[in-house]
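Report on the structure given below.
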């Protein structure tokens, strides 16, 4: 439950805003002119706000759909991302969202129709080429599904555009809305996992590994394409044991041949994000580990990173067919 | 450290009495009352006075690891009863239309309201908010020293369309005193947050001793600060760490030692 709701006066009568307000009717509502009034001021403590963030109901006015950063994607030529929310319900210490914004409040954009219009336009410019739209870059795609009704709008939208593909990235188990509709072959739900040691220490508020595997299995059984994301892999003294156990646990439930894609990458953040998040959590062991700055990215020293990725890849290849594997490429 | 800011003595006195704060005879610019982990400053009327008092006391306590703030006072309201208490969730400067938002870290236990800060007293009651003469001065100043989660503004209605008690000092004190338990809960909550922020800082005394052990360049000091803050927060006592460093001759070797301890400690997540 959030601490309160900030409501942009211009979306007060938007149907989705009304539904969110109805669902959260016990929370105090504070009217604002623009979400930036609350979200952007400097004097905010992300760490304190994260204890019980507010929900900001707002309208996104520009930049609804953006070109994905280089290296982000699943091998397609045209990759875009969009965020119907800013910030995540969960509190994963390694996530770049920890230092991305000054505020920990969750912004819910309700003007899906404007996102939809841009998605249609972009897909049209690439005509018959497949175009990927990634959701879950600035948020978890499904974690707030009961409030945002994201799938209700965006899945039929993507299904109706012949060359559009969409990835939903999530750590949640909120798949009920997807299970209630016919599967769409061009909508891939990607579940992120870390080993149990990292999960216990770093993924605060995230559903258990077992529950997420179960959600994933139910989607596969219903015919939805599903992906696995082991990103970021975090170094710790038991990472080999942890990763091996995680794969065992996943593939005891999931048929690897039915996976759409699998990706793997080690922990890394841009220098700015790393500095911001390590200032927020100076007591966090993850940020006290041996790291190197290379080309603006803070990550493990090359030897350690190579060792980790080689080990994890070798373990992974025991389970999955090679063609589903997409390493996270971020080095030049 | 919690700082109370009130415009008038009659607004401050319930807090001063409840916490048994003692008047400071050393400070002349403003009337100031002190306790163990809190202070109450009487600013005088108006946003300028409130901003000046807040800045002044922040400077007085500049060595504190963290400051938390409560503006306590009375306000006018069109439709609320005399004596109703509110936790202000939006403060608007009537002169500039600029808005400020104290940030809640839990669902507020007191009813919320917006508050419009006026430059002059007024009887033009507005339906949608309270009004006062200090809140925006207070928060604009407090936000320079603390984050919005550590700033609260509590107002008790003293005037409405039917009655005006704001000029009666005893009644003003009585109105605020009536809510002292709710006000105390806000203060306790805020002090806990303040302690949490302060705990992330390392002891100033150990830091000074560390710096005195070698000549650290500014870049080395930056690295040292990160390492020292981490290790002090991991319950690796500063004394033991200083002892470990005492055999190192150079700044570089000290940093290397702390890095080694830090890397080793962080392998367990």
Be a star and scan the range A:58-84 for residues whose amide nitrogen sits under 19 Å from the point 7 Å along the Cα-to-Cβ vector of residue A:129. A:65-82
Going by how many other beta carbons lie within 10 Å of each one, how would you line up A:294, A:303, fewest first? A:303, A:294
Can you give me the relative contact order of chain A as a percent, contacts being Cα pairs under 8 Å and 6 or more apart? 15
What is the projected area of the convex hull of the Cα atoms of chain B, averaged over all directions, in nm²? 17.1
0 to 90° range, to nearest 10: angle between helix B:47-60 axis and chain B longest Cα axis: 30
Given a Förster distance of 25 Å, the FRET efficiency implied by the Cβ-Cβ spacing of residue B:127 and residue A:25, rounded to the nearest 0.05, works out to 0.70
Give me the one-decimal nm value for the distance between modelled label points at residue B:243 and residue A:42, 7 Å along each residue's Cα-to-Cβ direction. 4.3
So what is the calculated 222 nm ellipticity per residue for chain A, using -39500 (n - 2.57) for each DSSP H run with n of 4 or more, over all residues, to the nearest 500 deg cm²/dmol? -9500 deg cm²/dmol
Treat each spin label as a single point 7 Å out from the Cα along the C-beta direction, and report the residue A:10 to residue B:20 distance in nm. 5.6
Among B:219, B:257, B:268, which comes first, second and so on when ranked by fewest other beta-carbon atoms within 10 Å? B:219, B:268, B:257
Within a 10 angstrom radius of the beta carbon, how do A:248, A:305 rank from fewest other beta carbons to most? A:248, A:305
Ranking request for peptides A:11-23, A:234-246: highest mean number of other beta-carbon atoms within 10 Å first, then the rest in descending order. A:234-246, A:11-23
Suppose R0 equals 22 Å. What FRET efficiency, 1/(1 + (r/R0)^6) with r the Cβ-Cβ distance, do residue B:120 and residue B:98 give to the nearest 0.05? 0.80
Given a Förster distance of 45 Å, the FRET efficiency implied by the Cβ-Cβ spacing of residue A:238 and residue A:77, rounded to the nearest 0.05, works out to 0.70
Using Stokes-Einstein with the Kirkwood hydrodynamic radius over Cα pairs, what translational diffusion coefficient do you get for the range A:131-177 at 4 °C and a viscosity of 1.567 mPa s, in µm²/s rounded to a whole number? 117
Two pseudo-spin positions, 7 Å from Cα along C-beta at residue B:225 and at residue B:257, lie apart in nanometres by 2.3
Per the Kirkwood definition applied to all pairs of different Cα atoms, how many angstroms is the hydrodynamic radius of the protein assembly as shown? 26.8
Within 10 Å of each Cβ in A:39-49, the average number of Cβ atoms from other chains: 6
Could you work out, residue by residue across B:144-152, how many beta carbons of other chains sit within 10 Å of that residue's beta carbon, and then give the average as an integer? 4
Average partner chain C-beta neighbours within 10 Å, per residue of A:274-286? 4
Tell me the volume per residue, in Å³, of the convex hull enclosing the alpha carbons of chain A. 134
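Laboratory data are not the source of any read-out in this text; all were calculated from the coordinates shown. Predicted, not measured: the structure shown is a model, and the values here were computed from it. Here the Cβ is made from the backbone with ideal geometry for all residues, glycine too, and neighbour counts use every protein chain on show.
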